[in-house]
Structures are given as structure tokens and as C-alpha cells.
Amino acid sequence: PQSAPARGARIIALALSVLAFVLSSTTSGRAQEKEKADADAEFLTKVVPSIAASVKIIDYEVRNTSDKKTREFAERVLKQHKESVKTASGHAKRLKIAVDTNGDKDSKEMINILSKLKGSELDVSFLEWLSDIHHDAAVFENEVKNGADPELKTYAKNSITAGNEHLKEARELL
């Protein structure tokens with residue numbers, strides 16, 4: 001038989017072990033929540049400026065293409081991308097994440113390239129660029145998998161679907 005002090009010491013040691021485990025689990029849970037919130041912030045700070053830039057590039061194509069089918073397609077994509085910037089910016093505001101909604105920095109180089117082209121060369125370059133940007137959905141897939149905010153995850157998932165539709169139609173027009 002153990003003495004009362006020895007039993008008491010074991011009970012205290014066991015209680016401290018349980019407490020340490022509970023605290024580490026809570027800390028781990030908080031760390032995971034922070035990682036997911038960080039994933040949301042990273043997603044929005046990458047996506048909003050990129051889509052804002054795409055709006056400027058697509059708008060350039062709408063104003064400069066001579067092909068009716070390409071113009072109609074570009075007008076639909078432009079409308080969807082404008083709505084996407086608005087939606088993503090709204091999520092950023094709600095989550096108190098600062099984002100660049102201008103898109104100038106990321107659009108200038110592509111508009112400069114397109115501005116040197118005319119006719120079918122312009123349209124082919126635009127459609128290839130559009131295919132490229134919709135082909136890589138990794139940023140959106142990462143948000144769906146690792147994001148914390150359910151509304152933002154839904155936005156990312158819906159964006160993947162819309163992007164796949166844009167990719168398919170762009171390839172059909174090439």
C-alpha cells in the first residue's frame with residue numbers, strides 16, 4: 001500500500017500531465033486556426049490583384065479584337081471577372097484583409113505585349129494567355145483545402161468551376 005503523500009503526489013502528477021495535454025491540444029488547435037486564417041489572407045492577397053489585372057487585360061481585348069466570337073467570349077469573361085473581384089474584395093473587407101484591387105502592376109506587361117499585335121495574332125495571344133491563367137488553379141485549390149472561412153472556400157470552389165469553363169471555351173476558340 002502507498003502512503004497518502006505518495007498517492008497524492010501521483011494524483012497531482014497525473015493531473016498536471018492531463019492539464020499539459022489539454023493545453024497543448026488547445027494551442028495546437030489555435031495554431032491550426034491561425035494557419036487556416038493565414039491561408040485565407042494569402043489567398044486573397046494573391047487572387048484579388050491578379051483578377052483585377054485580368055479585368056484590364058480582358059477589357060483591352062474586348063476593345064481591340066476584330067473577331068465577333070472572341071469579343072462575345074471576352075465580354076462574358078470580363079463580366080464574370082469584374083464580379084469575382086467585387087466578391088473577393090468583399091470577403092477581404094469582411095475578414096479585414098488589405099488587398100490591392102487596382103491590378104495595374106500585374107496587367108501592364110501583358111497589355112504592352114497585346115498592344116503590339118493585331119487581328120488574329122492579338123486574339124490567339126489573348127486566348128493563350130487566358131488559357132494559361134485558368135489552367136493553374138492551385139491557389140484556389142489550396143484555399144478549398146486549407147482555408148478557414150467557409151464563404152471564401154465556396155468562392156474558391158465556384159471560381160475553379162468558372163475557370164474550367166473559361167479554359168474550355170478559350171481552347172475551343174483557338
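Some observations on this one:
- Restricting attention to segment 134-148, the residues that are part of a helix (DSSP H, G or I), within 16 Å of residue 164 (Cβ to Cβ), open to solvent by 50 Å² or more (accessible area, probe 1.4 Å) and not hydrophobic (A, V, I, L, M, F, W, C) add up to 2.
- Residues (buried (at least 18 other Cβ atoms within 10 Å of the Cβ) and either in contact with a strand residue (DSSP E or B) (Cβ under 9 Å, 6 or more places away or on another chain) or farther than 30 Å from residue 41 by Cα (or both)) located in segment 92-126: 114, 122, 123
- Residue satisfying condition, being within 13 Å of the chain's Cα centre (by Cα) and surrounded by 20 or more Cβ atoms within 10 Å (Cβ to Cβ), within set 130, 152: 152
- Against the conditions (1) part of a helix (DSSP H, G or I); (2) charged (D, E, K, R); (3) within 16 Å of residue 55 (Cα to Cα), residue 100 satisfies every one except (1).
The values are calculated or read from the model by the stated rules, or taken from the named source; none is laboratory data. Here the structure is a predicted model, which is why all the values come from computation and not from measurement. Note that each Cβ is placed from the backbone with ideal geometry, even for glycine, and that neighbours are counted across all protein chains shown. Accessible surface is based on the protein model in full, side chains and every heavy atom, while ligands, DNA and RNA are left aside. Shrake-Rupley method; radii C 1.70, N 1.55, O 1.52, S 1.80 Å.
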